[in-house]
Amino acid sequence: MDKKKVFIDGSEGTTGLRIFERFEGRNDIEVLKIDSELRKDPVERAKLINASDVTFLCLPDAAAIEAVALCTNPDTVIIDTSTAHRTNEGWAYGFPELSAEHREAVRTSKRIANPGCHASGFISLVYPLVKRGIIGADSRLCCFSLSGYSGAGKKGIAQYTDPGRAEEFDSPRQYALGQQHKHLKEMQQICGLDKSPMFSPIVCDYYSGMEVTVYLYKELFKKEMNVESLVNEYKQAYAGSNLVRVREVGTEAETNGFLGSNNLSGKDYLEIFVTGNEDRIVVTSRFDNLGKGASAAAVQSMNIVFGFDETTGLVMD
């Protein structure tokens, strides 16, 4: 079998490096490498993009848009990990577990937008509820997200690893206080909501791992729901999924009623928990912001495009 040619544009960033790690030991692909001195040269980048079967864009939004314009080979598949194309017409949304239609779009598209990390958690929880008629598109939702500092990019990582950092970096820090976080648009659009949720992202003093939580009052439900029945709904929605795992009712008791947000650091799957009571239900997704929230999702999409087992190269245990 001929090896598939893959290029990572932005291979020195956190997501690019993590994608490259997922290729270690694989004999089914050939990674096209760019000379470090030419990594920003548009001519050399265009050459490698158009020579590839799949190109991953691990770049800021403007640079990702520029890179797409460099692609003239109609057979090259672009998987963009930036925010630039996630809600654009003509781009498949790279979360194949959401529906058969999403999976087929990933399989057949030449343009795939990788989901955002916070968005992955929110959408994994809310999309099935809207699609299955459990809550309405007019639902007003509140969400918070805990994340390791690796999601802040090189500058943020440098701040957290600086021995002389300010004391506030020892504590969780809430940001995007103006309710303008860049993931909100895809959170609303992909889930089919009339309005964006209230969203509070919180960056914490650990490297990687993420936990996204959505609150659900009983009054939101369009049909009778409790913790047990909602777990069953999620199980049906993600039946057969390798990378989304719905945990049984009461699983949190195994960790004394706590849900740590870095338990899946280094893993490439996502877990869903349903907790609460008859009046107020809390749904939570837990995963690695660099895994299913970034690089693992991108590699999964590539595997589907090539017809490989979607978990090839991913860390599943």
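Coordinate-derived values only; no laboratory data. Not measured: the values here are computed from a predicted model. Every residue, glycine as well, gets a Cβ built from its backbone with ideal geometry; the counts of neighbours run over all protein chains shown.
Mind checking which of Phe273, Cys117, Gly133 is farthest towards the positive end of the chain's charge dipole, using Cβ charges of +1 (Lys, Arg) and -1 (Asp, Glu) about the Cα centre? The residue sitting farthest along the positive end of the dipole is Gly133.
Directionally averaged projected area (the range 117-289, Cα convex hull): 10.4 nm². Each listed q (0.09, 0.15, 0.16 Å⁻¹) maps to a log10 I(q)/I(0) for the chain, found by the Debye formula over equal Cα scatterers with no solvent: -0.45, -1.23, -1.37.
With the highest mean first, a sort of the peptides 267-274, 65-72 on other beta-carbon atoms found within 10 angstrom per residue produces 267-274, 65-72. For the range 190-308, the Kirkwood hydrodynamic radius comes to 15.8 Å, computed from all pairs of different C-alpha atoms.
Bridgeable aspartates and glutamates around Lys195 (alpha carbons under 20 Å apart, same-chain partners fewer than 8 residues away excluded): Glu89, Asp138, Glu186, Glu219. With 19 Å as the limit on Cα-Cα distance, the pairs of Lys33/Lys110; Lys40/Lys292; Lys131/Lys235; Lys3/Lys40 that go past it are Lys33/Lys110; Lys40/Lys292; Lys3/Lys40. When a/c reaches 1.5 or more, the comparison of a/b and b/c decides; with that in mind, is the range 230-287 rounded, prolate or oblate per its Cα gyration tensor? The shape class here is oblate. Computed from Cα atoms, the angle from the helix 227-237 axis to the main principal axis of the chain rounds to 30 degrees. Packing, taken as the mean count of other beta carbons within 10 Å per residue, orders the peptides 240-246, 276-282 from highest to lowest as 240-246, 276-282. Each residue, Phe169 and Asp309, gets one label point 7 Å from its Cα in the Cβ direction; the gap between the two is 4.1 nm.
Taking 18 Å as the straight-line reach from the Cα of Lys155, the aspartates and glutamates in range (excluding those fewer than 8 positions away in the same chain) are Glu12, Asp61, Glu167, Glu168, Asp170, Asp205. Placing a label point 7 Å from the Cα of Ala176 along the Cα-to-Cβ direction, the residues of the range 296-314 with a backbone N closer than 19 Å are 296-298.
Can you compute the FRET efficiency between Asp61 and Gln236 using 1/(1 + (r/R0)^6), with r the Cβ-Cβ distance and R0 = 22 Å? Round to the nearest 0.05. E(calc), rounded to 0.05, equals 0.05.
Take the alpha carbon gyration tensor of the range 179-231, find the square roots of its eigenvalues, order them as a ≥ b ≥ c, and report rounded if a/c is under 1.5; if not, report prolate when a/b exceeds b/c, else oblate. Judged from the Cα gyration tensor, the range 179-231 comes out oblate (a/c at least 1.5, b/c at or above a/b).
Each residue, Ser36 and Asn256, gets one label point 7 Å from its Cα in the Cβ direction; the gap between the two is 4.5 nm. Summary of packing: across the peptides 52-61, 5-14, the per-residue average of other C-beta atoms within 10 Å ranks them, highest first, as 52-61, 5-14.
Compared with the direct C-alpha span, the chain from Asp279 to Thr72 gains 69.0 nm at full extension, assuming 0.36 nm per residue. In this simple spin-label model, placing a label point 7 Å from the Cα along the Cα-to-Cβ direction at both Asp28 and Lys3 gives a separation of 1.5 nm. A straight chain from Asn88 to Arg132 at 0.36 nm per residue would run longer than the Cα-Cα distance by 13.4 nm. Would you give the gap between the C-alpha center of the range 194-241 and the C-alpha center of the range 101-166, rounded to a whole Å? What the calculation gives is 12 Å, centre to centre.
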